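Heads up, the thing below is written out as structure tokens.
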Amino acid sequence: MFKRGWFTISNQFNNFQEKRMKIFGELVKRYWNGNLKNADDLSTLVEEIKKKYDFRDEDTSFIKDHIRIAMGLDPKGKADFTDEMDIVRKSREVGAPIIAKIEGPCEHCDEENCKCKDTCKYEAHIYKRSEGPVIENNKCLSCGECVASCDFGALADKIEFIPIIDLLKDKNTKVFATVAPAIIGQFGEDVSMGQLRTALKLLGFQDMIEVALFADILSIKEAFEFNHLVKEEKDFFLTSCCCPVWFNLTKKHYPQIYEHMSPSISPMIASGRFLKRLYKDAKVVFIAPCIAKKAEIKEPELQGDVDYVINFRELEEIFNALDIKVRELPSDEKDQASFGGRLYARTGGVSFSVKTVVNRLEPRRLVKLKAKKVSGVKSCKEVLDELYAGRDVGANFIEGMGCGGGCVGGPRTNIDVDKATKIVNEFAEDSLIMTPFDNLNVMKILKQMGIGSIEEIVKNEEMIRLLSRS
């Protein structure tokens with residue numbers, strides 16, 4: 001697959017995704033313990049990585065750039081470390097773009113067998129080729145498939161945890177962890193949500209909140225919108241909930257279809273907006289199965305709603321680096337979300353959840369909700385092409401998710417999609433709350449904000465602002 005040269009002679013680049021996490025783990029351990037203070041400390045880490053993984057001197061810039069990206073910074077090629085630690089300490093956000101190209105590996109890659117190129121060209125048609133892929137950020141959906149497909153570290157997404165450490169150690173700052181519904185089972189089938197809550201509190205988080213709770217609120221909002229907009233058999237409605245890949249694909253490439261899409265924000269963004277409304281000066285960190293969520297929080301109309309995103313693989317390495325054994329911890333259980341809200345983790349979950357509310361709002365509705373559920377960018381494009389051509393897709397509620405199988409199939413999950421789907425279904429069924437309409441936690445939050453009834457979700461001006469993109 002690769003041309004002759006250092007790339008084939010050495011094995012240090014094989015399985016670099018795993019090595020990259022170990023580099024990140026070393027950064028976490030050292031910064032957490034106060035052993036990473038300046039450029040000299042970073043240079044020492046480079047030499048230790050070179051020795052541990054048999055890298056050569058000519059690979060130094062490659063390692064430096066991966067250290068920078070693991071700190072949430074942009075790559076700088078051959079430049080020496082200078083003020084990186086100062087930038088991280090003063091950082092209030094990780095800047096865009098989230099996906100960066102690292103110089104080196106692509107120079108020796110056989111273009112015809114380049115997996116990252118083929119992945120993106122097949123799905124989204126956004127890459128050009130020169131010496132490696134050129135990321136066209138105005139077209140990129142940030143699905144992360146190219147990053148996950150490259151085993152040699154040529155493409156990488158910035159990791160946002162190092163700036164969070166100072167916040168977690170600041171006794172005057174409340175930092176909430178909001179977790180994607182797909183998190184269940186990702187750290188072991190025998191690890192409960194209550195144990196994850198305990199682990200995150202050990203890290204310094206104020207609490208762990210299920211984003212499925214906010215999925216319940218948005219299911220109610222989209223049910224009202226569906227009932228308002230879909231009156232005849234020819235009408236259709238696209239959910240905007242959950243997946244930024246689906247949302248951006250529709251907005252960027254199908255503007256006529258975008259007019260039929262809900263203006264709702266995602267449950268992740270809702271979690272940040274509500275928590276910051278209820279707790280002044282709070283910080284919110286979302287824990288995700290994907291890369292796209294890192295890009296979503298940087299969209300101009302959403303900036304500041306969620307402060308940072310870390311993914312499941314990164315969190316697993318954080319636990320390892322800090323010797324937090326999650327399965328040995330006591331469990332701090334809370335039942336926060338409904339059966340339907342927790343199903344947002346997999347394909348069809350949004351449709352199911354919204355339909356349960358539609359049926360409660362208008363049980364005798366003449367035009368029933370008929371859902372079309374698709375996952376993977378290719379399938380999302382196909383259904384949007386059908387709608388654009390004016391063809392009947394046999395549904396009036398269209399749900400798309402960019403990853404195969406839904407969020408459980410994200411590029412930064414720890415277990416395979418079939419196993420994850422099974423665990424999600426079981427966890428959802430264990431909820432004491434059957435539908436979003438039955439979730440008393442929703443009413444509790446609404447009352448804290450001065451809202452007295454479910455109907456005000458789509459009538460109250462503040463609620464409309466909180467739950468909408470514009």
What residue, of ALA345, ALA389, ALA428, is at pLDDT 95 or above, surrounded by 22 or more Cβ atoms within 10 Å (Cβ to Cβ) and out of contact with any Lys or Arg (no Cβ under 8 Å at 6 or more places or on another chain)?
ALA345
When LYS252 is evaluated against the numbered criteria (1) outside any loop (DSSP other than H, G, I, E, B); (2) touching a helix residue (DSSP H, G or I) at 6+ places or on another chain (Cβ under 8 Å); (3) closer than 30 Å to ALA389 by Cβ, which criterion, by number, is the only one it fails?
(2)
Which one of GLU232, GLU299 is outside any strand (DSSP E or B) and either of a type in the set (Phe, Trp, Tyr) or out of contact with any helix residue (DSSP H, G or I) (no Cβ under 9 Å at 6 or more places or on another chain) (or both)?
GLU232
SER240 assigned to a loop (DSSP other than H, G, I, E, B) and touching a helix residue (DSSP H, G or I) at 6+ places or on another chain (Cβ under 6 Å):
yes
With the structure loaded, tell me whether ALA420 is in contact (Cβ under 8 Å) with a residue 24 or more places away in the chain, in contact with a Gly (Cβ under 7 Å, 6 or more places away or on another chain), open to solvent by less than 40 Å² (accessible area, probe 1.4 Å) and assigned to a helix (DSSP H, G or I) or whether it fails that test.
yes
Residues in the range 400-413: is at least one over 30 Å from ASN320 (Cα atoms) and touching a residue at least 12 places away in the same chain (Cβ under 8 Å)?
yes
So the helices (runs of 4 or more DSSP H) completely within the range 13-91 holding 1 or more residues that are touching a Lys or Arg at 6+ places or on another chain (Cβ under 8 Å) and either farther than 19 Å from VAL309 by Cα or open to solvent by less than 20 Å² (accessible area, probe 1.4 Å) (or both) are 39-53, 60-70, 84-90
Answer yes if at least one residue in the range 262-270 is without any contact (Cβ under 8 Å) to a residue 12 or more places away in the chain and closer than 28 Å to LYS370 by Cα, and no otherwise.
no
Provide a single number: the residues in the range 423-455 that are over 27 Å from the mean Cα position of the chain (by Cα), in a helix (DSSP H, G or I) and closer than 20 Å to ILE269 by Cβ.
1
Among the candidates ILE287, ILE291, ILE324, ILE310, which residue alone is farther than 18 Å from LEU218 by Cα, of a type in the set (Val, Ile, Thr) and modelled with pLDDT under 95?
ILE291
Which one of the conditions (1) part of a loop (DSSP other than H, G, I, E, B); (2) closer than 18 Å to GLY402 by Cβ does ASP281 fail to meet, given that it meets all the rest?
(2)
Please find, among LEU213, LEU218, the residue that is surrounded by 24 or more Cβ atoms within 10 Å (Cβ to Cβ), of a type in the set (A, V, I, L, M, F, W, C), in contact with a Cys (Cβ under 7 Å, 6 or more places away or on another chain) and within 25 Å of ALA371 (Cα to Cα).
LEU218
When you look at GLU429, is it within 29 Å of PRO300 (Cβ to Cβ), touching a residue at least 24 places away in the same chain (Cβ under 8 Å) and in contact with a helix residue (DSSP H, G or I) (Cβ under 8 Å, 6 or more places away or on another chain), yes or no?
no
Selection from the range 148-166 of residues under 20 Å from PHE312 (Cα atoms), of a type in the set (A, V, I, L, M), modelled with pLDDT of 80 or more and outside any strand (DSSP E or B) yields ILE159, ILE162, ILE164, ILE165
If you check ARG465 against the conditions, is it under 20 Å from ILE269 (Cα atoms), surrounded by 11 or more Cβ atoms within 10 Å (Cβ to Cβ) and among the charged types (D, E, K, R)?
no
Suppose we keep only residues that are of a type in the set (Lys, Arg) and crowded, with 24+ Cβ neighbours inside 10 Å within the range 279-319. Which one would you say is nearest to SER266 (Cα to Cα)?
LYS293
Show the residue pairs that are 6+ apart or on different chains and have beta-carbon atoms under 9 Å apart, the first residue being within the range 294-305 and in contact (Cβ under 8 Å) with a residue 12 or more places away in the chain, the second being among the polar types (S, T, N, Q) and surrounded by fewer than 17 Cβ atoms within 10 Å (Cβ to Cβ).
ILE297/GLN303; GLU301/SER470
Being closer than 22 Å to ARG342 by Cα and either outside any loop (DSSP other than H, G, I, E, B) or open to solvent by 10 Å² or more (accessible area, probe 1.4 Å) (or both) narrows it down to one residue among THR173, THR198; which is it?
THR198
Kindly provide the set of residues from the range 359-382 that are surrounded by 21 or more Cβ atoms within 10 Å (Cβ to Cβ) and in a helix (DSSP H, G or I), ordered by number.
VAL377, CYS380
For a quick check of your reading of the model, give me the residue pairs whose first member lies in the range 325-341 and is among the charged types (D, E, K, R), whose second is open to solvent by 20 Å² or more (accessible area, probe 1.4 Å) and not in a loop (DSSP other than H, G, I, E, B), with beta-carbon atoms closer than 6 Å and at least 6 apart or on different chains.
ASP332/THR198
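The values are calculated or read from the model by the stated rules, or taken from the named source; none is laboratory data. Small disclaimer: the values here were computed from a predicted structure and weren't measured. Virtual Cβ from ideal backbone geometry, glycine too; neighbours counted across all protein chains shown. Just the protein is used for accessible areas: all its heavy atoms, side chains included, with ligands, DNA and RNA removed. Shrake-Rupley method; radii C 1.70, N 1.55, O 1.52, S 1.80 Å.
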